[in-house]
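Here is the structure we will look at.
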Amino acid sequence: MLTEDLTVFFDTTNGFAQQATLGGVAVQVIFDNDYAAAAVGMVGMATSGPICYAPSASVGADPVGQPLVTNGVTYTVAEHRPDGHGVSALVLEHAA
């Protein structure tokens, strides 16, 4: 088990993180909305793949289905991927 203090990465003032809400509760996340290519028949299509990383302790055991709001955009948590070392990746979808 990793014993390093990861709070410096989730510092919204001097770190990499930004403020968000998950299910209405404030959390600090590292947000990424990277380019993703999707196959559509014989032609490709560009899209984005929003994902964020948060301390596992702040996301709860099952955040799937909860709304996550950051930068004024609302997403829904589609998948929860805890890494076993205290950080969870939350795969996001744009909320309808």
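The values are calculated or read from the model by the stated rules, or taken from the named source; none is laboratory data. Since the model is a prediction, treat every value here as computed from it, not as a measurement. Positions of Cβ are generated from backbone atoms using ideal geometry, with glycine treated the same way; all protein chains shown enter the neighbour counts.
Which of the following residues is in contact with a Phe, Trp or Tyr (Cβ under 7 Å, 6 or more places away or on another chain) and within 21 Å of His85 (Cβ to Cβ): Phe31, Phe16?
Phe16
Does Gly65 satisfy being more than 13 Å from Ala20 (Cβ to Cβ) and more than 12 Å from the chain's Cα centre (by Cα)?
In short, yes.
Test Ser48 against the criterion of being among the polar types (S, T, N, Q) and within 26 Å of Glu4 (Cα to Cα), and give yes or no.
No.
Which ones in the stretch 59-71 are of a type in the set (A, V, I, L, M), at pLDDT 95 or above and surrounded by fewer than 19 Cβ atoms within 10 Å (Cβ to Cβ)?
Scanning the stretch 59-71 gives Val64, Val69.
Anything in the stretch 72-96 that is assigned to a strand (DSSP E or B) and of a type in the set (A, V, I, L, M, F, W, C)? List them, or say none.
Val73, Val77, Ala78, Val87, Ala89, Leu90, Val91, Leu92
Out of (1) without any contact (Cβ under 8 Å) to a residue 12 or more places away in the chain; (2) part of a strand (DSSP E or B), what's the single condition that is false for Val69?
Here Val69 meets the rest and fails (1).
Might you check whether a residue that is at pLDDT 95 or above, of a type outside the set (Asp, Glu) and either touching a strand residue (DSSP E or B) at 6+ places or on another chain (Cβ under 6 Å) or exposed (fewer than 13 other Cβ atoms within 10 Å of the Cβ) (or both) occurs anywhere in the stretch 30-39?
Scanning the stretch 30-39, I find at least one residue that is at pLDDT 95 or above, of a type outside the set (Asp, Glu) and either touching a strand residue (DSSP E or B) at 6+ places or on another chain (Cβ under 6 Å) or exposed (fewer than 13 other Cβ atoms within 10 Å of the Cβ) (or both), so the answer is yes.
Sort out which residues of the stretch 47-58 are among the β-branched types (Val, Ile, Thr) and at pLDDT 95 or above, and write them in order of number.
If the condition is that a residue be among the β-branched types (Val, Ile, Thr) and at pLDDT 95 or above, then Ile51 is the only one that fits.
Might you let me know whether the stretch 7-23 holds any residue that is of a type outside the set (A, V, I, L, M), at positive phi and free of Cβ contacts under 8 Å to residues at least 24 places away in the same chain? Before you say what the answer is, go through the steps one by one.
If we filter the stretch 7-23 for residues that are of a type outside the set (A, V, I, L, M), which is where we start, we get 7, 9-16, 18-19, 21, 23.
Still in the list and also at positive phi: 23.
So of that shortlist, the ones also free of Cβ contacts under 8 Å to residues at least 24 places away in the same chain come out as none.
No - not one qualifying residue is present in the stretch 7-23.
Could you grab me the full set of residues in the stretch 83-92 that are at pLDDT 95 or above and not hydrophobic (A, V, I, L, M, F, W, C)? Break it down into steps so the answer makes sense when it comes.
Quick first cut of the stretch 83-92, residues at pLDDT 95 or above only: 88-92.
Ser88, the sole residue that qualifies.
Looking at Ala37, Ala61, Ala54 in this structure, which one is assigned to a strand (DSSP E or B), among the aliphatic types (A, V, I, L, M) and closer than 20 Å to Gly86 by Cα?
Checking each option against the conditions leaves just Ala54.
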